[in-house]
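The values are calculated or read from the model by the stated rules, or taken from the named source; none is laboratory data. Predicted, not measured: the structure shown is a model, and the values here were computed from it. Note: ideal-geometry Cβ built from the backbone for every residue, glycine included; neighbour counts use all protein chains shown.
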Amino acid sequence: MKRSFTWMLLSLTTALLLAGCANYHLGTAVPANMRTIAVPMFENASGQPEADVAVTQAVLSELRREGTFTVTTRDNAALEMVGRVTKCHLDPMRYDRNQPYLAVEYKMELTAHVQVIERATGKVVANLGNLTGETIFRTQSDLSSTKRDAMPMAAYKLALQVVSNTVGSW
């Protein structure tokens, strides 16, 4: 009697565990025929020179690092990522105690609107919408040099959002 109860409990526990794992899989959910992607230069509508270059380079680097997609030319790609940098905004975060009008720390926000399009059909397979990457940085000798130095980090953080949402959209 005790042995049959143990077997029944063990069988029930095993069935519940297997049922909980039934929908789980290792690897990516992106179909194998959709794992090649082209990333042309993002459009720059932010008013900040070089924002498009920084974001495009960061997205390409992150796609290669993440590994789900193979970055290739447009002619060989199943997908195309189309992006537009829409905003590059600076907000002062902290001011000098002795000079209250002098900001010593800023937050830079880069925003981009991104879509992933299936090249064969022209269908939007992932409308990622507006994504933002931001970084906080200290000012250096002049604001333009500081912005130039902060741009890669904000672009990197934006690229993390873009790639994560692209992979997660399947």
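Looking for something in contact with a strand residue (DSSP E or B) (Cβ under 9 Å, 6 or more places away or on another chain) and of a type in the set (Ser, Thr, Tyr) - is there at least one such residue anywhere in segment 107-123?
Initial filter on segment 107-123 (in contact with a strand residue (DSSP E or B) (Cβ under 9 Å, 6 or more places away or on another chain)): 107-119, 123.
From the residues that got through so far, the ones that are of a type in the set (Ser, Thr, Tyr) too are 111.
The answer is yes; a qualifying residue exists.
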Report task. Determine if segment 50-64 includes at least one residue that is loosely packed, with under 15 Cβ neighbours inside 10 Å and over 16 Å from residue 153 (Cα atoms). Result -> yes
Query raised in the report: Of all residues in segment 126-170, which are surrounded by fewer than 18 Cβ atoms within 10 Å (Cβ to Cβ), among the hydrophobic types (A, V, I, L, M, F, W, C) and at pLDDT 95 or above?
Result: 160
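Search segment 28-49 for residues being in contact with a strand residue (DSSP E or B) (Cβ under 8 Å, 6 or more places away or on another chain) and among the small types (Gly, Ala, Ser), and hand back the single one that is farthest from residue 159 (Cα to Cα). Before you say what the answer is, go through the steps one by one.
Looking only at segment 28-49, we keep the residues that are in contact with a strand residue (DSSP E or B) (Cβ under 8 Å, 6 or more places away or on another chain), and these are 34-40, 42-48.
Then drop every residue that is not among the small types (Gly, Ala, Ser), which leaves 38, 45-47.
Details: 38: 15, 45: 17, 46: 16, 47: 19 Å.
Applying the filter and picking the extreme gives 47.
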Report summary line: Across (1) in a loop (DSSP other than H, G, I, E, B); (2) β-branched (Val, Ile, Thr); (3) touching a Gly at 6+ places or on another chain (Cβ under 8 Å), residue 114 clears everything bar (1)
Query raised in the report: With (1) within 17 Å of the chain's Cα centre (by Cα); (2) modelled with pLDDT under 95; (3) over 24 Å from residue 168 (Cα atoms) as the list, and residue 107 as the residue in question, which single condition is left unmet?
Result: (1)
Query - Tabulated pairs, segment 150-170, first touching a residue at least 24 places away in the same chain (Cβ under 8 Å) and in a helix (DSSP H, G or I), second of a type in the set (Phe, Trp, Tyr) and surrounded by 17 or more Cβ atoms within 10 Å (Cβ to Cβ), C-beta under 6 angstrom, 6+ apart or interchain - result: 150/137
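Could we say that residue 77 is closer than 21 Å to residue 41 by Cβ and surrounded by 13 or more Cβ atoms within 10 Å (Cβ to Cβ) here?
Details: closer than 21 Å to residue 41 by Cβ: yes; surrounded by 13 or more Cβ atoms within 10 Å (Cβ to Cβ): yes.
For residue 77, the condition - closer than 21 Å to residue 41 by Cβ and surrounded by 13 or more Cβ atoms within 10 Å (Cβ to Cβ) - is met.
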Report task. For segment 50-88, name all the residues that are among the hydroxyl-bearing types (Ser, Thr, Tyr), outside any loop (DSSP other than H, G, I, E, B) and touching a Ser or Thr at 6+ places or on another chain (Cβ under 8 Å). Result -> 70, 86
Requested in this report: Please state which one of 167, 163, 104, 85 is under 18 Å from residue 38 (Cα atoms) and touching a strand residue (DSSP E or B) at 6+ places or on another chain (Cβ under 6 Å).
Outcome: 85
Report summary line: Considering segment 85-114, residues that are surrounded by fewer than 16 Cβ atoms within 10 Å (Cβ to Cβ) and of a type in the set (S, T, N, Q), and then whichever is nearest to residue 52 (Cα to Cα), we arrive at 99
Query raised in the report: Which residues, taken from segment 125-149, are of a type in the set (Lys, Arg) and touching a residue at least 40 places away in the same chain (Cβ under 8 Å)?
Result: 147, 148
